[in-house]
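Q: One structure coming up, written as structure tokens, with questions to follow.
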Amino acid sequence: MSIYDNPKEYAGKIGCTLEQSEKICSRYLKLAQEEAKQRICPKCGGDGLFIDNDGADYSCEYWVECPNCGFTDDVEKYQALQLGHDFDPLLYFGVMPIEERNREISDWQGFIEREIADLEKKDV
């Protein structure tokens, strides 16, 4: 169980409305489900596909790889693995002491609304 399963708790942690929290939590849960689906290897059925970028400093090439069977594929086919939704800036800043958070973000409610809009744009 994650914090996204409890919008009321999430709202309390970051200081947003329940309505905002429900939008945020449902989107993070959906993104996590889509990512989990895309982690399944089409060759061996193992759960572990990941984006590999060995040597990307030199070639700028990325691909998806299975650690179980060695399957590789074009990273563009795996949108959910590329979104990077494992970091929640609202939760990161939301649990900071208010004085510290206000030094980083002067308009907290505006920041919440922008993050919700960005989350809604992520289409998987």
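The values are calculated or read from the model by the stated rules, or taken from the named source; none is laboratory data. In this text the structure is predicted, and so the values were computed from the model without any measurement. Note: ideal-geometry Cβ built from the backbone for every residue, glycine included; neighbour counts use all protein chains shown.
Q: Name the pairs whose Cβ atoms lie under 7 Å apart, with the first residue in segment 100-116 and more than 18 Å from residue 11 (Cβ to Cβ), the second among the aromatic types (Phe, Trp, Tyr) and part of a helix (DSSP H, G or I), and 6 or more positions between them or separate chains?
A: 104/93
Q: Answer yes or no as to whether residue 9 is outside any loop (DSSP other than H, G, I, E, B) and free of Cβ contacts under 8 Å to residues at least 40 places away in the same chain. Working first, answer last.
A: Working: outside any loop (DSSP other than H, G, I, E, B): yes; free of Cβ contacts under 8 Å to residues at least 40 places away in the same chain: yes.
Yes: the conditions hold for residue 9.
Q: Identify all residues within segment 12-22 that are assigned to a helix (DSSP H, G or I) and crowded, with 19+ Cβ neighbours inside 10 Å; write none if there are none.
A: Once the filter is applied, which keeps residues that are assigned to a helix (DSSP H, G or I) and crowded, with 19+ Cβ neighbours inside 10 Å, segment 12-22 yields 14, 20, 21.
Q: Counting just the residues of segment 32-51 that are in a loop (DSSP other than H, G, I, E, B) and touching a strand residue (DSSP E or B) at 6+ places or on another chain (Cβ under 7 Å), which one comes out nearest to residue 88 (Cα to Cα)? If you could, list the steps in order and put the result at the bottom.
A: First, the residues of segment 32-51 that are in a loop (DSSP other than H, G, I, E, B): 39, 41-46, 48-49.
The next check asks that each one be touching a strand residue (DSSP E or B) at 6+ places or on another chain (Cβ under 7 Å); those that pass are 39, 49.
Numbers: 39: 20, 49: 22 Å.
Here the answer is 39.
Q: Just to be sure, is residue 87 at pLDDT 90 or above and closer than 30 Å to residue 13 by Cα? Write out each step before concluding.
A: Details: at pLDDT 90 or above: no; closer than 30 Å to residue 13 by Cα: yes.
So residue 87 fails the test.
Q: Sticking with this structure for a sec: Write out, first by first residue and then by second, each pair whose Cβ atoms fall under 6 Å of each other, whose residues are 6+ apart or on separate chains, and whose first residue, in segment 32-44, is of a type in the set (S, T, N, Q) while the second is not in a helix (DSSP H, G or I).
A: As it stands, the answer is 38/78, since those pairs meet every condition given.
Q: Kindly check whether there is at least one residue in segment 71-84 that is surrounded by fewer than 14 Cβ atoms within 10 Å (Cβ to Cβ), farther than 20 Å from residue 119 by Cα, at pLDDT 85 or above and more than 18 Å from the chain's Cα centre (by Cα).
A: yes
Q: Would you please name the residue that is surrounded by the most Cβ atoms within 10 Å (Cβ to Cβ), looking only at residues in segment 86-122 that are small (Gly, Ala, Ser) and under 23 Å from residue 35 (Cβ atoms)? Explain how you work it out, then say what you get.
A: Our first condition is that a residue be small (Gly, Ala, Ser); within segment 86-122, this holds for 94, 106, 110, 117.
Then drop every residue that is not under 23 Å from residue 35 (Cβ atoms), which leaves 94, 117.
Values: 94: 21, 117: 10.
Out of the qualifying residues, it is 94.
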